[in-house]
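Everything on this sheet refers to the single structure shown next.
The values are calculated or read from the model by the stated rules, or taken from the named source; none is laboratory data. As the structure is a computational prediction, the values presented were derived from the model and not from experiment. Note that we place each Cβ from the backbone using ideal geometry, even for glycine, and neighbour counts take in every protein chain shown.
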Amino acid sequence: MGKLWGGRFQDETDIDAYEFNASISFDKRLIKEDIEGSIVHSGMLSKCGIISKEDGDSIREGLEGILKDLEDGKLEVSEEYEDVHSFVESVLTERIGDAGKRLHTGRSRNDQVALDMKLHIRNALLGIDERLFDLQKALFNIMKDNLDTFMPGFTHLQKAQPVTLAHHMGAYFEMFLRDRRRMRDIYMSMDSCPLGSGALAGTTYPLDRDYTARELSFSGGPTRNSMDGVSDRDYLIEFLSALSTIMMHLSRFSEEIIIWNSDEYRFVEIDDRYSTGSSIMPQKKNPDIAELVRGKTGRVYGALIALLTTMKGIPLAYDKDMQEDKEVSFDAIDTVSDSLKLFTGMISTMSFNTDIMKKSAENGFTNATDAADYLVKKGVPFRDAHTITGRLVLKCISEKRALKDLHLSEWKEESEVFEEDIYDAISLKSCVEKRVTSGAPGRASMEKNLEYYSKYLDKGVLR
Ligand code: ARG
């Protein structure tokens with residue numbers, strides 16, 4: 001029903017083949033973009049004298065009416081049509097008569113769908129940018145309140161050196177900053193309009209492609225090669241790759257929150273609103289949101305691999321394989337958008353057990369490097385300082401003590417260089433504060449970063 005191509009056929013399409021081929025169940029998501037593109041296309045046709053002004057006006061009014069009825073819930077997409085393009089054209093023709101049949105002049109569904117997808121992805125990209133921005137704001141708030149919240153920094157998930165909660169959150173802020181930069185870069189690299197590429201070889205009508213590109217806000221103008229115009233999905237692959245990277249970041253973060261939320265760590269407590277219980281174990285409060293975000297990462301990677309694989313064997317120009325670009329992309333967009341939203345809600349309501357974090361930083365010899373550095377500053381070569389401190393750590397481990405609990409005489413047994421000021425040198429506060437290099441957790445460097453982030457956030461979102 002509602003096919004755009006019956007003339008050349010003698011037999012009806014096999015019903016299973018029809019359904020296998022149909023895309024309306026998912027490309028109906030493109031309906032606004034499809035109508036927006038058609039309004040601009042028909043406006044251009046009439047401006048260039050390819051259709052009459054009356055037809056152009058009645059097409060525009062008809063399309064605007066369809067859009068309004070969709071928004072008001074007076075019209076619903078019927079899945080009996082092959083695709084969203086057939087649906088719109090059929091409803092239009094039902095409403096305005098023959099003029100509707102002129103809409104597709106100088107256009108193919110190939111350049112039409114290439115345009116619809118670009119418009120849709122451009123919008124989705126701006127939506128993801130907003131979600132990333134909200135997450136950055138939540139991180140910024142945690143950071144500014146926790147410049148002096150000491151916690152252990154880890155390597156190999158073993159306590160390494162003390163850092164602060166602000167510094168740890170700042171690492172994620174940087175990741176999401178790069179994610180947003182990628183959104184901007186992709187936006188710029190996909191900024192050319194495929195409409196007017198026709199089926200693959202342009203058209204014989206004198207279309208004004210600069211006009212349509214401008215009206216649809218593509219600042220790079222029309223695409224330069226019509227075959228590439230209809231068959232380029234690079235921007236979508238770049239977008240899915242950037243979405244995969246966002247999920248990788250969220251998944252790492254989730255993993256940490258799951259660990260921190262465990263009874264062994266108790267660094268954080270996830271709010272009741274973002275955790276769930278067990279049907280059998282009454283005591284349980286599980287970090288399901290973080291686990292789901294971690295778990296959903298796979299399906300976004302899957303979308304990227306699926307599209308890369310779909311595209312790899314396609315001869316120029318358009319082939320129906322490319323219809324497969326939609327479901328995986330839509331799913332990836334929804335998954336990343338929801339994950340960002342839930343993750344932001346979870347971390348902005350989560351409480352941090354700063355005392356436990358601090359105690360944890362005090363244990364586990366996170367100040368051992370500082371003890372060695374103390375000796376270095378007093379002239380001992382670093383390698384010797386490392387060995388001396390290592391021996392002291394070994395002694396503490398066997399006696400179940402911390403470095404700060406050693407008597408000065410015990411320090412001196414390993415090196416005469418140690419004096420009373422060693423205790424200050426290895427205190428948690430000075431271990432962090434002495435880290436003065438830019439990018440380090442020390443207050444001076446973190447305050448500079450916060451100033452930078454605050455200006456960065458003032459710039460707002462891409463949209
Ligand atoms: N549903 C198609 C797609 O998503 C639209 C383009 C159809 N073009 C064609 N020549 N059959 O790719």
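Between residues in region 1-21 that are of a type outside the set (D, E, K, R) and residues that are outside any loop (DSSP other than H, G, I, E, B) and modelled with pLDDT of 85 or more, which pairs lie under 6 Å by C-beta distance while being six or more apart or on different chains?
Hits for this filter: Gly2/Ser86; Gly2/Ser90; Leu4/Ser86.
Please enumerate the residues belonging to region 260-283 that are among the hydrophobic types (A, V, I, L, M, F, W, C) and modelled with pLDDT of 95 or more.
Answer for region 260-283, where residues must be among the hydrophobic types (A, V, I, L, M, F, W, C) and modelled with pLDDT of 95 or more: Trp260, Phe267, Val268, Ile270.
Among (1) within 16 Å of the ligand (Cβ to nearest atom); (2) among the polar types (S, T, N, Q); (3) surrounded by fewer than 16 Cβ atoms within 10 Å (Cβ to Cβ), there is one condition Ser38 misses while meeting the rest; what is its number?
Failing condition for Ser38: (3).
If a residue has to be in a helix (DSSP H, G or I) and touching a residue at least 24 places away in the same chain (Cβ under 8 Å) to count, how many in region 398-430 make the cut?
Number of matching residues: 8.
Can you confirm whether Ile142 is over 27 Å from Ile51 (Cβ atoms) and within 16 Å of the ligand (Cβ to nearest atom)? Break it down into steps so the answer makes sense when it comes.
Working: over 27 Å from Ile51 (Cβ atoms): yes; within 16 Å of the ligand (Cβ to nearest atom): no.
Considered against the rule, which asks whether it is over 27 Å from Ile51 (Cβ atoms) and within 16 Å of the ligand (Cβ to nearest atom), Ile142 comes out as no.
So in region 320-351, with the set limited to residues that are in contact with a helix residue (DSSP H, G or I) (Cβ under 8 Å, 6 or more places away or on another chain) and among the charged types (D, E, K, R), which one is farthest from Ile31 (Cα to Cα)?
Residue satisfying both the conditions and the ranking: Lys341.
Could you check region 186-204 and list, in sequence order, the residues that are more than 13 Å from the ligand (Cβ to nearest atom), of a type in the set (A, V, I, L, M) and touching a helix residue (DSSP H, G or I) at 6+ places or on another chain (Cβ under 7 Å)?
In the first step, residues of region 186-204 are kept if they are more than 13 Å from the ligand (Cβ to nearest atom); the result is 186-193, 195-196, 201-204.
Checking which are of a type in the set (A, V, I, L, M) leaves us with 186, 188, 190, 195, 201.
Correct list: Ile186, Met190, Leu195, Ala201.
Based on what the data block shows, is Ser262 under 25 Å from Met175 (Cβ atoms), away from the ligand (no atom under 16 Å from the Cβ) and part of a loop (DSSP other than H, G, I, E, B)?
Details: under 25 Å from Met175 (Cβ atoms): yes; away from the ligand (no atom under 16 Å from the Cβ): yes; part of a loop (DSSP other than H, G, I, E, B): yes.
Answer is yes for this residue.
When you scan region 215-223, do you find a residue that is free of Cβ contacts under 8 Å to residues at least 12 places away in the same chain and surrounded by fewer than 18 Cβ atoms within 10 Å (Cβ to Cβ), even just one?
Scanning region 215-223, I find at least one residue that is free of Cβ contacts under 8 Å to residues at least 12 places away in the same chain and surrounded by fewer than 18 Cβ atoms within 10 Å (Cβ to Cβ), so the answer is yes.
Going by what's in this entry, would Glu61 be described as closer than 20 Å to Lys118 by Cβ, charged (D, E, K, R) and modelled with pLDDT of 95 or more? Walk me through it before giving the result.
On the way: closer than 20 Å to Lys118 by Cβ: no; charged (D, E, K, R): yes; modelled with pLDDT of 95 or more: yes.
No.
When you scan region 314-324, how many residues do you find that are part of a helix (DSSP H, G or I) and either more than 7 Å from the ligand (Cβ to nearest atom) or β-branched (Val, Ile, Thr) (or both)?
From region 314-324, those part of a helix (DSSP H, G or I) are 320-324; that's our starting set.
Okay, now just the ones that are also either more than 7 Å from the ligand (Cβ to nearest atom) or β-branched (Val, Ile, Thr) (or both), so 321, 324.
Matching residues across region 314-324 total 2.
Hey, among Tyr205, Tyr211, which residue is over 28 Å from Asp288 (Cβ atoms), in contact (Cβ under 8 Å) with a residue 40 or more places away in the chain, over 28 Å from the mean Cα position of the chain (by Cα) and in a helix (DSSP H, G or I)? Quick ask: steps written out before the conclusion?
Numbers: Tyr205 fails: in a helix (DSSP H, G or I).
Sole residue among the options that is over 28 Å from Asp288 (Cβ atoms), in contact (Cβ under 8 Å) with a residue 40 or more places away in the chain, over 28 Å from the mean Cα position of the chain (by Cα) and in a helix (DSSP H, G or I): Tyr211.
Residues that are touching a Ser or Thr at 6+ places or on another chain (Cβ under 8 Å) and of a type in the set (S, T, N, Q): does region 282-296 have at least one?
Within region 282-296 (the criterion being touching a Ser or Thr at 6+ places or on another chain (Cβ under 8 Å) and of a type in the set (S, T, N, Q)), the answer is yes, since at least one residue qualifies.
In region 353-381, how many residues are among the aliphatic types (A, V, I, L, M), within 37 Å of the chain's Cα centre (by Cα) and surrounded by 17 or more Cβ atoms within 10 Å (Cβ to Cβ)?
Step one: of region 353-381, the residues among the aliphatic types (A, V, I, L, M) are 356-357, 361, 368, 371-372, 375-376, 380.
Right, trim to within 37 Å of the chain's Cα centre (by Cα) and you get 356-357, 361.
Next, from what is left, pick out any that are surrounded by 17 or more Cβ atoms within 10 Å (Cβ to Cβ): 357, 361.
Going through region 353-381 one residue at a time, the tally reaches 2.
Mind checking whether some residue in region 48-64 is away from the ligand (no atom under 16 Å from the Cβ), hydrophobic (A, V, I, L, M, F, W, C), buried (at least 21 other Cβ atoms within 10 Å of the Cβ) and under 37 Å from the mean Cα position of the chain (by Cα)?
For region 48-64, residues away from the ligand (no atom under 16 Å from the Cβ), hydrophobic (A, V, I, L, M, F, W, C), buried (at least 21 other Cβ atoms within 10 Å of the Cβ) and under 37 Å from the mean Cα position of the chain (by Cα): present.
For region 17-35, how many residues are surrounded by fewer than 19 Cβ atoms within 10 Å (Cβ to Cβ) and among the acidic types (Asp, Glu)?
1
Would you check which residues across region 43-88 are of a type in the set (Ser, Thr, Tyr) and not in a helix (DSSP H, G or I) and list them? Write out each step before concluding.
Of the residues in region 43-88, the ones of a type in the set (Ser, Thr, Tyr) are 46, 52, 58, 78, 81, 86.
Passing the criteria: Ser52, Ser78, Tyr81.
Of the residues Leu292, Leu236, which single one is modelled with pLDDT of 95 or more and surrounded by 18 or more Cβ atoms within 10 Å (Cβ to Cβ)? Talk me through it step by step, then tell me what you get.
Details: Leu292 fails: surrounded by 18 or more Cβ atoms within 10 Å (Cβ to Cβ).
Just a single option satisfies the conditions, and that option is Leu236.
For (1) under 30 Å from Asn146 (Cβ atoms); (2) within 16 Å of the ligand (Cβ to nearest atom); (3) part of a loop (DSSP other than H, G, I, E, B); (4) among the aromatic types (Phe, Trp, Tyr), each residue gets a yes or a no:
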{"site": "Ala242", "(1), (2), (3), (4)": "yes, no, no, no"}
{"site": "Ile246", "(1), (2), (3), (4)": "yes, no, no, no"}
{"site": "Ser251", "(1), (2), (3), (4)": "yes, no, no, no"}
{"site": "Arg294", "(1), (2), (3), (4)": "yes, no, no, no"}
{"site": "Leu304", "(1), (2), (3), (4)": "no, no, no, no"}
{"site": "Leu308", "(1), (2), (3), (4)": "no, no, no, no"}
{"site": "Phe330", "(1), (2), (3), (4)": "no, yes, no, yes"}
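All but one of (1) among the basic types (Lys, Arg); (2) within 28 Å of the chain's Cα centre (by Cα); (3) away from the ligand (no atom under 16 Å from the Cβ); (4) more than 30 Å from Thr366 (Cα to Cα) hold for Lys118; which doesn't?
(3)
Any residue in region 318-332 that is free of Cβ contacts under 8 Å to residues at least 12 places away in the same chain sitting within a Cβ distance under 7 Å of a residue that is more than 7 Å from the ligand (Cβ to nearest atom) and assigned to a helix (DSSP H, G or I)? List the pairs, counting only those 6 or more apart or interchain.
Listed by first residue and then by second, the contacts come to Asp321/Thr310.
Just checking, does region 16-34 include any residue being of a type in the set (A, V, I, L, M, F, W, C) and more than 15 Å from the ligand (Cβ to nearest atom)? Step through it out loud before you land on a result.
Keep residues of region 16-34 that are of a type in the set (A, V, I, L, M, F, W, C), which gives 17, 20, 22, 24, 26, 30-31.
From the residues that got through so far, the ones that are more than 15 Å from the ligand (Cβ to nearest atom) too are none.
Within region 16-34, not a single residue is of a type in the set (A, V, I, L, M, F, W, C) and more than 15 Å from the ligand (Cβ to nearest atom).
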